[in-house]
1. Magnitude of the Cβ-charge dipole of the chain, K/R +1 and D/E -1, about the Cα centre, nearest 20 debye?
2. Under a Cβ-only charge scheme (Lys and Arg +1, Asp and Glu -1), can you give me the dipole magnitude of the range 207-312 about the Cα centre, in debye to the nearest 20?
3. Mind pulling the angle between the C-alpha long axis of helix 248-260 and the longest principal axis of the chain? Nearest 10 degrees, somewhere in 0 to 90.
4. With axes computed from alpha carbons, what is the tilt in degrees of helix 214-225 against the longest principal axis of the chain, rounded to the nearest 10 within 0 to 90?
5. Cα convex hull of the range 191-333: how many Å³ per residue?
6. Principal axis lengths of the chain from Cα atoms, whole Å, largest first?
7. Binned at 10 Å from 0, what are the whole-percent values of the Cα-Cα distance distribution for the range 194-252, short to long?
8. Carbon and sulfur: what percent of the range 214-273's accessible surface (1.4 Å probe)?
Amino acid sequence: MASLRHWDHYKNNMYFTRIDESDYAVKPMNCPGSMLVYKRKMHSYRDLPVRMAERGLVHRHELSGTLHGLMRVRCFTQDDAHIFMTPEQIEDEILGVIRLIDDFYGTFGFAYSVELSTRPDEFMGRIEDWDLAERKLASALARAGKEYAVNPGDGAFYGPKIDFHLKDCLGRSWQCGTIQLDFQMPERFELEYVGSDGGRHRPVMIHRVVFGSIERFIAILIEHTAGALPLWLAPDQVAVLPLTERHLEYAETVHTALLAAGFRSELDRRNEKIGWKIREAQKRKVPYMLILGDQERENSTVSVRSRAAGDLGSMTMEALTVKLRQEAESRMK
């Protein structure tokens with residue numbers, strides 16, 4: 001299977017055009033670009049590992065029947081990184097990515113499961129390289145203390161991989177993060193580094209994503225939270241709601257203070273009943289609403305309503321700012 005190429009694998013899922021008698025294709029993956037950047041100069045073993053990250057837009061001609069909202073699309077953004085290393089650095093680099101993914105998913109409150117996907121029937125390269133790569137991935141997972149299932153034959157055609165499957169609030173599983181260990185593409189692109197012995201050596205490469213598809217991750221997160229994003233993540237963190245137009249000037253002062261403190265505040269200037277304004281803010285899942293009337297203006301306070309807990313009573317702006325900052329910085333779910 002050593003003759004298998006990227007072209008063989010991807011050509012049926014690519015977009016093509018012809019310009020000035022030349023054929024062009026829209027990029028289906030980010031990997032070749034990183035390898036060309038690596039290849040711009042000769043590297044020493046002292047330079048390694050070299051870690052390159054990018055948010056790259058890719059296009060793949062998925063079958064129309066498989067498309068599903070933001071979950072499966074034909075154009076999406078990957079948070080790609082490619083790590084070039086010596087064989088001795090493989091496990092430590094894999095462990096670093098596992099720790100990154102663990103911290104990242106934990107921040108969003110996601111549980112996840114892990115799969116080790118091994119050599120498929122169609123693959124690039126030598127079986128001994130595949131066997132070594134699979135051993136390295138398994139060893140890194142053991143060192144990280146991660147339980148995992150083996151998914152035989154589901155590796156990428158250029159290398160085995162570790163897949164991270166998120167579980168949403170309905171118990172559905174979504175494959176997002178992945179760590180792919182690749183001995184083949186550095187060979188195909190003739191990448192090199194100068195070793196401690198002065199000779200030329202071939203680096204090993206990790207492909208990794210954490211979001212996977214940023215569009216898919218956003219969709220999963222919205223469905224997981226039913227749109228009720230936590231304070232630190234919500235697009236609008238606070239809705240400032242004056243009771244009437246005569247309270248608008250004070251509301252402007254409160255709104256400006258929140259913005260100056262670094263919060264994402266929205267001031268509802270519309271001449272509508274306060275019940276309607278509260279319902280609108282609730283529908284938009286704003287974490288906190290501040291209701292401002294005569295009493296609040298006279299006492300320089302705000303009446304605080306939580307999306308989750310309801311009426312929290314009256315607070316000074318100083319107390320409110322401390323509460324919001326503590327909640328945002330703790331990244332409470």
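1. 500 debye
2. 420 debye
3. That works out to roughly 30 degrees.
4. 40 degrees
5. Numbers: hull volume 23.8 nm³, N = 143.
Considering the Cα atoms of the range 191-333, their hull volume per residue is 166 Å³.
6. Extents along the principal axes: 78, 48, 40 Å.
7. 16, 21, 17, 16, 13, 8, 5, 4
8. On the way: 1630 of 2920 Å².
Accessible surface attributable to carbon and sulfur in the range 214-273 totals 56 percent.
The values are calculated or read from the model by the stated rules, or taken from the named source; none is laboratory data. Only a predicted model underlies this, so the values are computations on that prediction, with no experimental measurement involved. All Cβ positions, glycine included, derive from the backbone under ideal geometry; neighbour counts span all protein chains shown. Quick note on the areas: whole protein, heavy atoms, side chains included, nothing else; ligands and nucleic acids left out. Shrake-Rupley method; radii C 1.70, N 1.55, O 1.52, S 1.80 Å.
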